1. For a footprinting-style exposure proxy, rank His77, His243, His46 by other Cβ within 10 Å, fewest first.
2. Rank the residues Ser5, Ser242 as a footprinting-exposure proxy: fewest other Cβ atoms within 10 Å of their Cβ go first.
3. For the stretch 91-97, in order, what is each residue's ³J(HN,Hα) by Karplus, 6.51 cos²θ - 1.76 cosθ + 1.60 with θ = phi - 60°, in whole Hz (x at glycine and Pro)?
4. Per residue of the stretch 172-182, in order, report the coupling 6.51 cos²θ - 1.76 cosθ + 1.60 (Karplus, θ = phi - 60°) as ³J(HN,Hα) in whole Hz, putting x for Gly and Pro.
5. What list do you get for Arg165, Arg30, Arg89, Arg249 if you sort them by fewest beta carbons within 10 Å?
Amino acid sequence: MLRNSQQGVVYYQYDSFRNSSGLRHGVFTRLGGQSRPPFASLNVSHTVGDDNAVVDANQETVFRALGVSPGQVVTAHQVHGCRAAIVGRREAGQVIPETDALLTNDPETMLMLRFADCLPILFYDPRHRAVALAHAGWRGTMQNVAAATVRAMQAAYHTDPAELRVGLGPCIQVCCYQVGEEVRAAAQRAFPASVPLFARQPDGSYHFDLALANTWQLQQMGVRCFETAPFCTSCCVDEFYSHRRERGRTGRFAVLLGPDRMS
């Protein structure tokens, strides 16, 4: 991934996406905004207790970094589910209710979701110039939001999963993601026992591999091209928000993705 910095605003881009004409994207960090602790500083969520005016200013900072206007952006009320919604300029500026994946092929539309340990998944179909952005926490993973997004792209755009380019974003990694029996039981129902999703620790606890779980699900759908962000949000709390590391008192970083007009 390439690290970009514009006047203190830091965001990352995938090498496999940057070489594609007609695509805009950014995995933003927590750096370069106006929020005060514990939300410092580029928090883009209105639902964590931050000042709304400051959040609005932070969002405008993010949009400006990618050269988009607020009226082009579609986001969602994320609920840790598997609903995927197709959007375009009719939904511009809206928050889509109870949705964890957004799809578009409209070059005037930019997708945005918010994260703080959950896994961002970015999808690009170069043949049909369509994109999708999904939010996968452990609950959404057990409901297979990744596969639901691929199926939605197949239905809407005739996407071939083998042609998809997928970016897995910063999330809490297996090194830090201790889970209890609820997650282990859900994984036993959702995955074959042969998939090595848990690492047992010396103290007898289990750590869950969120990125691997979603990678395996995508591979079952026929996806072959992946680029994975080399960051654990809990380890890298200096650059990313971590709900777990910061005990729930933190912000959310932005991920944006949208098709652009061919040059």
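Coordinate-derived values only; no laboratory data. Note that the coordinates shown come from a computational prediction; the quantities given were computed from them, not determined experimentally. With ideal geometry, Cβ positions are generated from the backbone for all residues, glycine too; neighbour counts draw on all protein chains shown.
1. Values: His77 11, His243 20, His46 16.
Ordered by Cβ neighbours within 10 Å, fewest first: His77, His46, His243.
2. Values: Ser5 12, Ser242 23.
Starting with the residue having the fewest Cβ neighbours, the order is Ser5, Ser242.
3. Using θ = phi - 60°, the values come out as 9, 3, x, 9, 10, 7, x Hz.
4. So the Karplus estimates, Gly and Pro as x, are 6, 9, 4, 4, 10, 9, 6, 10, x, 5, 4 Hz.
5. By the 10 Å Cβ count, ascending, the order reads Arg249, Arg89, Arg165, Arg30.
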